Amino acid sequence: MNLTLEDIGRLAGVSRSTVSRVINDQDSVRLAVRERVQEVIRLTGYTPNAAARSLVSGRTGVIGLVIPSRVHSLFEDPYFSRLIQGISAASNQAGNTLSLFLFQNEEEEAELYPRVITSGFLDGLILTATRMADPLLARTAVGEIPIVVVGRPDVEGVSYVDVDNRGGALKAATHLSSLGYQRIGLLGAPVSTTAGLDRLNGFVEGLAACGLPLPPDLRVDGDFSEASGYVAMRKLLAHQPDAVFAASDTMALGALRALKEAGIRVPQDMALVGFDGLPGSENSVPSITTIRQPVTETGARAVHILNDLVTGVATAPIVEIMPVELVIRESSGTSRDSAGSDVE
């Protein structure tokens, strides 16, 4: 039997309109009456009609997650699986319905705004993996629905949640320098992304604070992928670094494979540090020292911020930077001297 508002009202001894006000969390209901209606709803298992609630509240309860077309390895990349896990769990907890938007090309992305955003289907939108001067972000930033970006956008006035990319890369440089390494190379992330740029700047800043340069020949950029880390490491080997910071764990895994093929031992011959704190860095041989970022927590915070914007609890822009931590493992050794010696 499908219960109606009238049924709930009759069981609670109140009017249909009172039940509606309780369901839509309006203030004009006495506490005792509100609790009585809520108890009837709980006991009967009544579920309000989503369409009716939308008409009353002006909200659909649906939020969107947009992942751009250039993220081709979405279901292979542990970063995105963890991020989506955090966003999904927080959405479920908040009572949101999460809609995932994936695109094959930029033409499909361009259709997002007229097809979805202006339709009134979504209460708000989370965007991730944006790049500098991203046309998708530029279009959505001027729209009427609230948006939250995962990662620092290059557009003013936009709410976002990010991790301390600059500070994390600085920690990596300081760590390697403190162990006595002098020719510290960089497998960089794309500087067309703010994460890549922030990690580059933080790494250079950290080296400079330790009195070390980053010569141009000790920097090769990749694209966050394992394959690009492998290729970049092969190029970097010709310039003989004694330690390397890879701007992502997946790139560090590719670098580790290139080093093994070249017969270079880690950390005895070369130290290696990654960034992300993903499971692959812990399970590799040797395990990889990394800058751990709270990926699932970042996704969850994006949902909480978006809901605050949707409900009017907060106004944009909201900015939150999540802390990172250095996790020391086998790949960086304990010192330049000890890393260079074999343990019997």
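Bear in mind these aren't lab numbers, they're just calculated from the coordinates by the rules spelled out. This structure is a prediction, so every number in the text was calculated from the model and none was measured. Here Cβ is always computed from backbone atoms with ideal geometry, including for glycine, and neighbour counts include all displayed protein chains.
Only helices enter the 222 nm calculation for the chain: every DSSP H run of n ≥ 4 contributes -39,500 (n - 2.57), and dividing by all residues gives -13000 deg cm²/dmol, rounded to 500.
In order along the range 279-290, the phi-based Karplus estimate (6.51 cos²θ - 1.76 cosθ + 1.60, θ = phi - 60°) of 3J(HN,Hα) comes to x, x, 6, 7, 8, 6, 10, x, 5, 9, 4, 8 Hz; Gly and Pro are listed as x. Which log10 I(q)/I(0) values does the range 163-318 give at q = 0.12, 0.14, 0.18, 0.19 Å⁻¹ under the Debye formula, counting every alpha carbon as one identical point scatterer? The Debye formula, applied to the Cα set alone, gives -0.50, -0.65, -0.98, -1.08. Taking amide H positions as modeled 1.01 Å from N, with prolines and chain starts lacking one, the residues under 5 Å from Ala189 and 5 or more places away or on another chain are Gly222, Ala247.
Peptides 185-194, 279-288 ordered by packing proxy, namely the average of other Cβ atoms within 10 Å per residue, highest first: 185-194, 279-288. Ordering Thr4, Thr47 by the number of other Cβ atoms within 10 Å of each residue's own Cβ, fewest first, gives Thr47, Thr4. A simple packing score, the average count of other Cβ atoms within 10 Å per residue, orders the peptides 97-103, 264-270 as 264-270, 97-103, with the highest score first. Amide H contacts of Met322 (H built 1.01 Å from N, in plane; Pro and chain starts excluded): Asp162, Val163, Asp164 sit under 5 Å, all sequence-distant by 5 or more or on other chains. Using every pair of separate Cα atoms, the Kirkwood estimate puts the hydrodynamic radius of the chain at 22.5 angstrom. Placing +1 on the Cβ of every Lys and Arg and -1 on the Cβ of every Asp and Glu, with no other charges, gives the chain a dipole of roughly 720 debye about its Cα centre. In this structure the amide hydrogen of Val244, modeled in the peptide plane, comes within under 5 Å of the amide hydrogens of Gly185, Ala271, Leu272, Val273, none closer than 5 places in sequence on its chain.
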